[in-house]
Every structure is written in C-alpha cells, then in structure tokens.
Amino acid sequence: MGACCGPSRPDRSPTKGAPRPGSERGPGGPTPTELAALAARAPADLRLVGLPGGTFRMGSEDPAAYPEDGEGPVREARVAPFAIGATTVTVAEFAAFVHDTGHRTDAELHGSSLVFGGLLDEELRRTCPAVVATPWWRQVDGATWFRPEGPGSTVTDRADHPVTHVSHRDALAHAAWVGARLPTETEWEYAARGGLDQQPFPWGGVREPGGVPRMKTFTGTFPDGPTRPVGTEPATAFPPNAFGLHCMTGNVWEWTASSFGPRDGRPVLRGGSYLCHDSYCRRYRTSARTSSTADSSLGHTGFRLALGHGDTAPFGQAR
C-alpha cells in the first residue's frame with residue numbers, strides 16, 4: 001500500500017544549500033513578479049459547495065477494491081452538513097497564499113520533491129535518483145509547487161491547474177490562512193459519491209460512459225508508453241458530479257484531515273491521480289484510499305478545502 005500511489009519523502013538529508021526557516025526563498029520558488037502575477041489570477045471568493053450531510057454507505061467490497069487498504073467492510077457513516085471546494089486548490093489560489101504570507105513549502109525547505117520520471121527531460125531522468133520500490137518516481141532537487149518538473153519548468157501557464165508538490169503541512173497552512181480546513185475522509189467520500197450509493201465513480205458505475213473519459217488517469221502502457229499526455233489538467237477539466245464537484249477522482253490525490261488507521265498516523269489521501277492505471281493501481285475510485293507522511297510532497301498530490309463541524313464516527317472502522 002502507498003508505495004506506488006503516495007510514496008513518502010525519502011530519508012535523506014536536505015539538499016546542501018536548501019533554505020531553512022528564517023532564510024531567503026530557495027531557487028525553486030518564483031520571483032516576486034512571477035508570484036504577484038499568479039496571485040492576481042486567483043478568484044476573489046472561495047468556490048465552496050454546501051452539502052446537507054446525512055447517512056451513506058461508506059467503503060467497498062467490490063472485487064476492484066483493495067481490502068489491505070481498509071476499503072471494507074461497507075459500513076453506514078453519518079456526515080453533518082458541511083461545505084467543500086468545488087475544485088482542488090489551484091496554482092493561482094496557492095500563489096495568493098504564498099504572496100500574502102511568504103510561506104515556504106516542505107519541498108522548498110527540503111530542497112527536493114518527487115516527480116514522475118516521464119515528465120522529466122533527458123538530463124534530469126539520467127541524474128535524479130529513483131525511488132527504489134517505484135523507479136518511475138524520481139527525487140528532483142529544486143522541484144516545487146512553482147517548478148513542478150524541477151529546474152526549468154514553471155506553472156505560469158497552469159494557473160487553473162491543481163497545485164501540486166504540497167505536503168499535508170502545507171495544505172493545513174493554506175487552509176488556516178483561508179479560515180477553512182481539510183475535509184475528513186468520511187466527508188470526502190460522501191462528497192465524491194455525489195449522492196450515489198456504492199458506485200465506484202462519482203458519475204456512476206461505468207468508467208468511461210460512451211467511451212468518453214470523465215477523469216484524468218494514465219492511458220497506454222504504464223509507465224513508459226502513455227498514449228495521451230501525462231500530467232495535471234485544469235481543476236474544472238471534467239464535468240462535475242451531481243453535487244457540483246469537479247475531479248473528485250483522477251487528476252491529483254487529495255490530502256484529508258484523517259489518519260490512515262488506528263496505529264498509522266499518516267494522513268489519508270483520496271481520489272487517485274493522473275498516474276493511476278489499472279495495470280498496477282485501481283485507486284481512481286470513490287472508496288479507494290492511500291497515505292503518505294505529512295512532510296511528503298509529490299507531483300500528483302494536492303488538496304481541496306472544507307468548512308463545517310466535521311463528521312460523526314462511522315459505524316464500523318473508525319476514520
């Protein structure tokens with residue numbers, strides 16, 4: 001579990017010369033002009049959708065589920081009324097936070113982040129160390145939310161894409177600045193299902209209705225033979241579910257406020273990403289889950305915001 005979907009930050013000393021608290025922003029960050037330009041593209045208001053809450057059947061015992069991830073058993077869960085982001089937090093919205101606070105992400109503090117090797121240029125693929133268990137992940141010095149594929153890359157043309165390379169701690173800091181929080185895992189699944197009962201996708205039971213993709217995942221032969229471009233799409237790239245929420249599965253994994261299990265304090269990630277492929281990872285479903293350490297940052301991981309009082313404990317496995 002987790003190694004392919006949410007690998008944790010390698011146990012390695014920070015890059016020599018990487019910034020520390022109290023120091024200047026590192027080379028992976030934007031210039032003041034770039035930051036101000038991105039921040040100016042953020043919407044003035046939060047795009048939250050209010051949901052009534054209630055009881056729903058959480059989890060899955062479908063053959064496509066991963067029992068070892070704790071997807072089952074199916075159990076009744078109750079959610080209080082709350083609001084949740086119509087999309088994940090975008091690059092522009094995160095830029096507004098950084099512009100206002102000077103926040104430096106864990107990726108900047110550590111000096112590196114994890115990037116899918118297929119997105120790197122030839123030199124970086126050759127020189128950046130691979131994660132041993134999942135060699136398609138490379139530890140790239142200088143990869144940050146602003147430079148998601150490392151030195152030479154930029155998000156200046158991706159203002160409406162989900163922000164990535166943000167750790168759980170970065171997500172919590174942004175939420176606190178906004179005056180919001182992260183959704184609990186139960187809230188997230190309730191929202192993702194869009195009022196449907198025990199369906200694997202936010203729109204129903206068919207992955208591609210009429211042969212039309214409804215989420216961004218990896219197509220072709222993983223990891224070296226994609227048939228479509230790899231990487232994030234705009235946060236509203238696909239039609240919303242019945243609750244008005246975009247990209248609850250695919251595109252990027254999303255941090256939640258919940259812990260993975262009673263003896264595992266790692267934060268839960270939900271939703272799958274543009275790297276999910278059924279040959280090795282079917283976690284692009286409404287019930288699927290994984291986790292990573294709170295300081296980990298990855299090129300396929302972001303978050304969305306929530307407001308409300310939270311959820312009551314499910315009848316079954318606690319979240």
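The values are calculated or read from the model by the stated rules, or taken from the named source; none is laboratory data. Note that the coordinates shown come from a computational prediction; the quantities given were computed from them, not determined experimentally. Heads up, the Cβs are rebuilt from the backbone with ideal geometry, glycines too, and the neighbour counts pull from every protein chain shown.
Tabulated data for the structure shown
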| read-out | value |
| --- | --- |
| Residues (more than 25 Å from Val49 (Cβ to Cβ) and touching a strand residue (DSSP E or B) at 6+ places or on another chain (Cβ under 6 Å)) located in the stretch 280-291 | Ser291 |
| Meets criteria (of a type in the set (Val, Ile, Thr), more than 17 Å from the chain's Cα centre (by Cα), within 21 Å of Asp160 (Cα to Cα) and modelled with pLDDT of 95 or more) for Thr101 | yes |
| Sole residue being crowded, with 23+ Cβ neighbours inside 10 Å and touching a strand residue (DSSP E or B) at 6+ places or on another chain (Cβ under 8 Å), chosen from Trp145, Trp188 | Trp188 |
| Extreme residue, nearest to the chain's Cα centre (by Cα), among residues of the stretch 173-227 that are assigned to a helix (DSSP H, G or I) and free of Cβ contacts under 8 Å to residues at least 12 places away in the same chain | Ala176 |
| Candidate set from the stretch 246-285 (those that are among the hydrophobic types (A, V, I, L, M, F, W, C) and in a loop (DSSP other than H, G, I, E, B)); member that is surrounded by the fewest Cβ atoms within 10 Å (Cβ to Cβ) | Cys276 |
| Filtered residues of the stretch 13-59 (kept if at pLDDT 95 or above, buried (at least 16 other Cβ atoms within 10 Å of the Cβ), within 26 Å of Ser296 (Cβ to Cβ) and out of contact with any Lys or Arg (no Cβ under 7 Å at 6 or more places or on another chain)) | Leu35, Leu38, Ala39, Ala42 |
| Single residue of the stretch 191-219 satisfying the filter (among the charged types (D, E, K, R) and surrounded by 15 or more Cβ atoms within 10 Å (Cβ to Cβ)) that is farthest from Glu254 (Cα to Cα) | Arg207 |
| Flag for Phe243 being assigned to a loop (DSSP other than H, G, I, E, B) and among the aromatic types (Phe, Trp, Tyr) | yes |
| Residue count for the stretch 231-241, restricted to those that are under 24 Å from Ala133 (Cα atoms) and touching a Ser or Thr at 6+ places or on another chain (Cβ under 9 Å) | 1 |
| In the stretch 286-300, the residues that are surrounded by 24 or more Cβ atoms within 10 Å (Cβ to Cβ) and either among the charged types (D, E, K, R) or modelled with pLDDT under 95 (or both) | Arg289 |
| Flag if Ala180 is under 28 Å from Thr55 (Cβ atoms), among the small types (Gly, Ala, Ser) and either surrounded by 24 or more Cβ atoms within 10 Å (Cβ to Cβ) or touching a helix residue (DSSP H, G or I) at 6+ places or on another chain (Cβ under 9 Å) (or both) | yes |
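For (1) without any contact (Cβ under 8 Å) to a residue 24 or more places away in the chain; (2) surrounded by 24 or more Cβ atoms within 10 Å (Cβ to Cβ); (3) in contact with a Leu (Cβ under 6 Å, 6 or more places away or on another chain); (4) of a type in the set (A, V, I, L, M, F, W, C), each residue gets a yes or a no:
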position	(1), (2), (3), (4)
Ile84	no, yes, no, yes
Asp106	no, no, no, no
Ser113	no, yes, no, no
Gly117	no, no, no, no
Glu123	yes, no, no, no
